[in-house]
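The values are calculated or read from the model by the stated rules, or taken from the named source; none is laboratory data. As the structure is a computational prediction, the values presented were derived from the model and not from experiment. Here the Cβ is made from the backbone with ideal geometry for all residues, glycine too, and neighbour counts use every protein chain on show.
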Amino acid sequence: MKKLISTILIATLVTALFVGCNKKPEYDVYIWQSKGEMADALDALAKVYETETGKTVKVISNRASDDHMGPLRAEMNKKDMPTVYSIQGQRELNEWLGGGFVADLTDWSFADQVAFGQGGITKDGKLYGIPYNIEGYGFVYDTQMLLDLGLTDTDIIALRDGSFEDFQEFVVALNAWIKGETVAGKWAVMNNAKKEGNLKNVNSVIGFPGKAAWVYGDHLVNIPFVYEFGNQANALEAKTIDFTYANQYKALLDLQITYSKEGFTNDLLQHDYDEQVKIKFGGGEVFFIQQGNWAYGSINDIDAEKAARLAFIPLKVPTTVDGVSIPENHPDSMPVFAPNYWAVNGKVSEELQNEAKAFIEWMYTSEVGKDYVVNKFNFIPAVKGFEDADLASMYSLGNSVLDYVNRGKALDGVFMAMPAGWSMNELGKKLQGAYLTSGKQEDFDEAIKHAILKWEELKR
């Protein structure tokens, strides 16, 4: 009898374990993604998908933290892990591949739809991620503010395509006008402009977010690194860096800080992305901010009319500084890149992988999905199938990025291949520690020396 009871208990436990291990997850699709500005719109689109298909979708967007890898690693350690998640470039792909968390998408027919030269993320000839979108960044400006100063469309194009020195001369003239001084030379037309209308709140030329280390640690350093490495692949393989064009980088960094309201002071470190974009630029206090097309939504929330008038002037560096020259400088071009890729979790069942792929494909091919991509996510699509009619409502900064792409004036997003944590922690925060408030050459040199050593350490 005891033997019979034991047999029954064992059978019951085995059955329970079998059922538990094979229990279907609560959701058909579980999305974990790191682009906070699209969070609300993606939640809404997921509900539309549920209504149309009868599937259940869970969405978690990492809204606030600069560190998205930590929270994502935690989710990947749970029983019901994400089935779709975001990867930011090759350096993150390598980590997830090592654990088997990335499904091979090479034979997925939808993968052939990637456009604009921004292919999916690959390794050893296999495809592992589909780009969310393409993005670009530079100096954002309000066209009407420059026209109100007396500039013509031809003047603005000349600034767009001109050298660092051309742009610097204009910034100096703007600063003089703001101070109420007489502007001499080629920009004397400003003397006729009044501080009224779109210009009434102006108090400085450039808004600089000293607290946001990624602005100058990631994005600004991309400009000299494009000339040092050429592309992401070379940067990814580099065990050491020379930081050959550090002084070109410094020239552009100095220009922004010098002509910000705060200058090289402790106050500079109190200003973050939101203040730069919403208050300083959205409120018409500055002419330029270094940001990307992702800032459009925040500006549109403040002033829709202003948001409709936005465009980019490229981030420019001087060709020669202290005898060191860039062989082929491109002051008329801006970085354009895929910031995130959709990856499918290789650890989940084939059924869940197929559900994940079905959602991604629906998002970029259905009429409602395409509307969300362009008009709610404010994305510049990186996949084919978006016709002129779909892009007719493309927002101002999106159109500006596409203009650079269509004119062949796009630089690579080399910063995407830098060692994880290097740009923020070893360069950006080191600059915050001294140089951004002192402006001293020795503090800048120390930050660059530190960053060079840390690159090598992180690559070991």
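If the condition is being of a type in the set (D, E, K, R) and more than 28 Å from Glu237 (Cα to Cα), then the range 379-417 contributes Lys384, Glu387, Asp388, Asp390, Asp403, Arg407. I'd like to check something: does the range 415-428 contain any residue that is more than 17 Å from the chain's Cα centre (by Cα) and small (Gly, Ala, Ser)? The answer is no, given that none of the residues of the range 415-428 is more than 17 Å from the chain's Cα centre (by Cα) and small (Gly, Ala, Ser).
Annotation note: Cβ proximity below 6 Å between a residue of the range 262-286 that is at pLDDT 95 or above and a residue that is among the basic types (Lys, Arg) and surrounded by fewer than 20 Cβ atoms within 10 Å (Cβ to Cβ) (sequence gap 6+ or interchain) occurs for Leu269/Lys211. For Ile178, state whether it is modelled with pLDDT of 95 or more and either among the basic types (Lys, Arg) or exposed (fewer than 14 other Cβ atoms within 10 Å of the Cβ) (or both). So Ile178 fails the test.
Note on the range 255-293: among residues that are part of a helix (DSSP H, G or I) and hydroxyl-bearing (Ser, Thr, Tyr), the one that is farthest from the chain's Cα centre (by Cα) is Thr258.
With the range 78-147 as the region, which strands (runs of 3 or more DSSP E) entirely inside it contain at least 3 residues that are out of contact with any Phe, Trp or Tyr (no Cβ under 7 Å at 6 or more places or on another chain) and more than 23 Å from Met334 (Cβ to Cβ)?
On the way: elements: 84-87, 121-123, 126-131, 135-142.
Where strands (runs of 3 or more DSSP E) fall fully within the range 78-147 and carry at least 3 residues being out of contact with any Phe, Trp or Tyr (no Cβ under 7 Å at 6 or more places or on another chain) and more than 23 Å from Met334 (Cβ to Cβ), they are 126-131.
Residues checked against (1) at positive phi; (2) outside the structural domain of Glu169 (by TED's automatic domain parsing); (3) not aromatic (Phe, Trp, Tyr):
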position	(1), (2), (3)
Asp322	yes, no, yes
Pro331	no, no, yes
Val344	no, yes, yes
Phe377	no, yes, no
Ser393	no, yes, yes
Asn399	no, yes, yes
Val405	no, yes, yes
Gly421	yes, no, yes
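Taking the criterion of being of a type outside the set (Ser, Thr, Tyr) and under 25 Å from Ala111 (Cα atoms), the residues of the range 404-429 that qualify are Val405, Asn406, Gly408, Ala410, Leu411, Asp412, Gly413, Val414, Phe415, Met416, Ala417. A residue that is of a type outside the set (Phe, Trp, Tyr), crowded, with 21+ Cβ neighbours inside 10 Å and over 24 Å from the mean Cα position of the chain (by Cα) can be found somewhere in the range 57-78. Among the criteria (1) crowded, with 21+ Cβ neighbours inside 10 Å; (2) at pLDDT 95 or above; (3) among the hydroxyl-bearing types (Ser, Thr, Tyr), the one Tyr132 does not fulfil is (2).
Report yes if some residue within the range 307-319 is within 23 Å of the chain's Cα centre (by Cα), surrounded by fewer than 21 Cβ atoms within 10 Å (Cβ to Cβ), part of a helix (DSSP H, G or I) and not aromatic (Phe, Trp, Tyr); otherwise report no.
yes
In the set (1) among the hydrophobic types (A, V, I, L, M, F, W, C); (2) more than 21 Å from Met416 (Cα to Cα); (3) in contact (Cβ under 8 Å) with a residue 40 or more places away in the chain, the condition left unmet by Ile60 is number (3). The residue that is modelled with the lowest pLDDT, counting only those in the range 348-379 that are basic (Lys, Arg) and out of contact with any Asp or Glu (no Cβ under 7 Å at 6 or more places or on another chain), is Lys376. If you go through the range 173-193 and keep only what is touching a residue at least 24 places away in the same chain (Cβ under 8 Å) and assigned to a helix (DSSP H, G or I), you end up with Leu174, Asn175, Trp177, Ile178, Val189, Met190, Asn192. Picking from residues in the range 380-423 that are more than 30 Å from His450 (Cβ to Cβ) and among the polar types (S, T, N, Q), the one that is modelled with the lowest pLDDT is Ser393. The number of residues in the range 424-460 being within 13 Å of Ala238 (Cα to Cα), modelled with pLDDT under 95 and not hydrophobic (A, V, I, L, M, F, W, C) comes to 2.
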